[in-house]
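**Student:** After the structure tokens below, expect a handful of questions from me.
All of the numbers you see were taken from the coordinates with simple rules; none came from a lab. Keep in mind the model is a prediction, meaning the values are calculated, not measured. Neighbour counts run over all protein chains shown; Cβ positions are idealised from the backbone, glycine included.
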Amino acid sequence: MNSGDDTHESSRCPGCRVELPVTQWPDTPRYNASPACLKVAGDLLGFEVEHQVRLGYLHQLRIDAYGGQHVRVGAPRIGPVFALNGLYMFLERGSGNLDVRTAHGIMANSFDDWPELTPPASVGRLTASDVLAAGGPEQVEKAILTWADEVWQSWPETDRAVIRKLTIDLVPERYFRH
Ligand SMILES: [Zn+2]
């Protein structure tokens with residue numbers, strides 16, 4: 001390895017594949033992500049909080065887009081199921097933050113035989129880092145929507161069909177807006 005000749009080394013995130021300078025950031029068993037990418041996810045939350053009026057309605061979608069893009073193989077199966085459930089409910093059924101959070105609670109309490117979902121080799125083109133770098137709140141809003149859609153579309157249709165069926169079977173219709 002040719003290390004030590006640069007002042008800043010970079011690392012590639014195993015989940016979204018973004019290449020970022022190495023950063024000290026606490027690891028989490030929840031996500032398959034580099035510390036630098038986890039820091040970006042934290043910064044993106046900070047940006048959302050600063051621009052709550054415009055971005056607040058995307059709170060859960062941001063979490064689920066990140067989750068669906070950083071699935072750790074061998075982690076509890078419910079993680080990717082919840083992430084994809086949230087993406088499905090927002091993108092295809094028009095559900096909001098509270099609808100999805102309530103659905104997660106209902107699902108957790110009514111089922112435990114979750115399918116094992118293996119992430120595709122490439123999960124979307126955009127990364128949390130691209131979203132944060134998009135510009136002001138308006139641009140970031142647009143980028144979050146595109147990012148979430150790309151993550152959802154990148155999962156195999158068979159997995160998405162499993163999620164649609166599980167969701168419709170377990171979640172009462174009133175949590176779908178269309
Ligand atoms: Zn990442």
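**Student:** Filter segment 50-64 for residues that are under 17 Å from the mean Cα position of the chain (by Cα), more than 15 Å from the ligand (Cβ to nearest atom) and under 14 Å from GLU141 (Cβ atoms) and give the result.
**Tutor:** LEU55, GLY56, TYR57, LEU58, HIS59, LEU61
**Student:** Let me ask another. State all residues of segment 87-105 that are exposed (fewer than 14 other Cβ atoms within 10 Å of the Cβ) and more than 16 Å from ARG62 (Cα to Cα); if no residue qualifies, say none.
**Tutor:** GLY105 - this is the single residue of segment 87-105 that is exposed (fewer than 14 other Cβ atoms within 10 Å of the Cβ) and more than 16 Å from ARG62 (Cα to Cα).
**Student:** Quick check on my filter: what residues within segment 20-38 are near the ligand (Cβ under 10 Å from one of its atoms) and either more than 21 Å from VAL73 (Cβ to Cβ) or polar (S, T, N, Q) (or both)?
**Tutor:** If the condition is that a residue be near the ligand (Cβ under 10 Å from one of its atoms) and either more than 21 Å from VAL73 (Cβ to Cβ) or polar (S, T, N, Q) (or both), then LEU20, ASN32, SER34 are the ones that fit.
**Student:** Next up: Taking segment 109-129 as the search range and keeping residues that are under 14 Å from VAL151 (Cβ atoms), in contact with a helix residue (DSSP H, G or I) (Cβ under 9 Å, 6 or more places away or on another chain) and among the hydrophobic types (A, V, I, L, M, F, W, C), which one is farthest from the ligand (Cβ to nearest atom)?
**Tutor:** Per the stated criteria, the residue is LEU117.
**Student:** Ok, one more. Pick from GLY15, GLY42, GLY67: which is touching a Phe, Trp or Tyr at 6+ places or on another chain (Cβ under 8 Å), within 16 Å of the ligand (Cβ to nearest atom) and closer than 13 Å to THR127 by Cβ? Walk me through how you get there before you give the answer.
**Tutor:** Numbers: GLY42 fails: closer than 13 Å to THR127 by Cβ; GLY67 fails: closer than 13 Å to THR127 by Cβ.
After applying the criteria, what remains is GLY15.
**Student:** Kindly provide the set of residues from segment 25-55 that are of a type in the set (Gly, Ala, Ser) and without any contact (Cβ under 8 Å) to a residue 24 or more places away in the chain, ordered by number.
**Tutor:** Those that are of a type in the set (Gly, Ala, Ser) and without any contact (Cβ under 8 Å) to a residue 24 or more places away in the chain: SER34, GLY42, GLY46.
**Student:** Now for a separate question. Please go through segment 95-127 and give me each residue that is within 15 Å of the chain's Cα centre (by Cα) and without any contact (Cβ under 8 Å) to a residue 24 or more places away in the chain, ordered by number.
**Tutor:** Across segment 95-127, the qualifying residue is only HIS104.
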